[in-house]
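Below you will find the structure I want to go over with you.
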Amino acid sequence: MDSRWRSVLAVTPYVVLGLLVAFVTPVQWGQWSRLGPTLALCAAYGLWVLLMRTLPFRWRDRPVAIAVFLTVAIALNLLLVLREGTFGFLAIATFSFAYSLVDWPWELLPVAGTAVVAGLAQSSGFRADPAGVAGTIAVILLNVVVMCGLSFGLHRAEQTLHRTAVQDERARLAREIHDTLAQGFTGIITQLQAAEQASDDAIRRRHTESALALARDGLAEARRSVQALRPTALEQTSLADALSGVARAWSARTGVPSAVTVTGTARPLPTETEVALLRMAQEALANVEKHAAANRVTIALRTDPAGVRLEVRDDGRGFDPVERLQNAAAGSGGYGLIAMRERLESSSGSLIVEARPGRGTLVRAEVPA
């Protein structure tokens, strides 16, 4: 997720809730039996968001935790709307969570639930007669259709962007092959044909040597292209051994001790997953070397039925992850974190960064089975 969107999600619930409390409090002032429960529900909604989304608990991004969070948030929003229709505006925050936290098509469930709450708020002034009930149902259905349709449209747009990215990458590889390997092979054929037609040994030798030089250059280009797809460290060894080798080489170069632990039963992983995990470890170690001033680094690889987890932890100076991602989005450094996240997301994985100034850094990659 884009760091700017994360920042919006972090503050929107509190801003919207604060504005609604500021509006409702003077309106209901003196009606304590009405205002008291309303403020209590507002406090419950704010504390629930704080507990489940703002505080950096490790479990907050697990599917079960997200499902519980959204269910309770929608229920609290509904109770507030039933007390005061103005709290329909709180659906802005609830919608933002529904759209951003749940994958398609499951996001339709919280989106539809929030749309029902918004529809009830919009129709709160209708009379309780048949016409009013029919109008309420129509408004609710309209909200559900529109908001779920928006969800579907966003999903299709994301798919289109993904296909475009794949096509761009294929075009890039095609250009690279044409500009390096294909041209090199053409040159080799040309030189060998010229050598066959040479009138003396000196000319024949010159063309043959030129063909050999082109072949060497082409082999170097081929190796470079293959390495870009699968690192050399993974070609003849397992991911665990590759991580150990990378850590040893890094420690030998930097002088910072490192330790690698492997737990669970190793199993074959897709190439792109192994590459993503290895690149993540290399990038994390590079960041430690550049910024952390650490005394020790630990790398932990765990494999279990749920998937694969890779952690790189250091005891260095730490940093503010949100600020680092914001700087990267502004083009002022920190792109490594974004690159790691994008590479892991392409393998259906996720990247979690836990850091505080002066408290070290933990970078964790999780790829489901």
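Within the bounds of segment 278-286, is there any residue that is farther than 16 Å from residue 338 by Cα and modelled with pLDDT of 85 or more?
no
Take the residues in segment 187-204 that are within 21 Å of residue 219 (Cβ to Cβ) and not hydrophobic (A, V, I, L, M, F, W, C); name whichever of them is surrounded by the fewest Cβ atoms within 10 Å (Cβ to Cβ).
This residue is 193.
Looking at this structure, is residue 67 surrounded by fewer than 14 Cβ atoms within 10 Å (Cβ to Cβ), outside the structural domain of residue 311 (by TED's automatic domain parsing) and in a helix (DSSP H, G or I)?
no
Quick check on this structure: which one of 73, 44 is assigned to a helix (DSSP H, G or I), buried (at least 19 other Cβ atoms within 10 Å of the Cβ), among the aliphatic types (A, V, I, L, M) and modelled with pLDDT of 90 or more?
73
The values are calculated or read from the model by the stated rules, or taken from the named source; none is laboratory data. In this text the structure is predicted, and so the values were computed from the model without any measurement. Methodologically, a virtual Cβ is constructed for each residue, glycine included, from the backbone with ideal geometry; neighbour enumeration extends over all protein chains shown.
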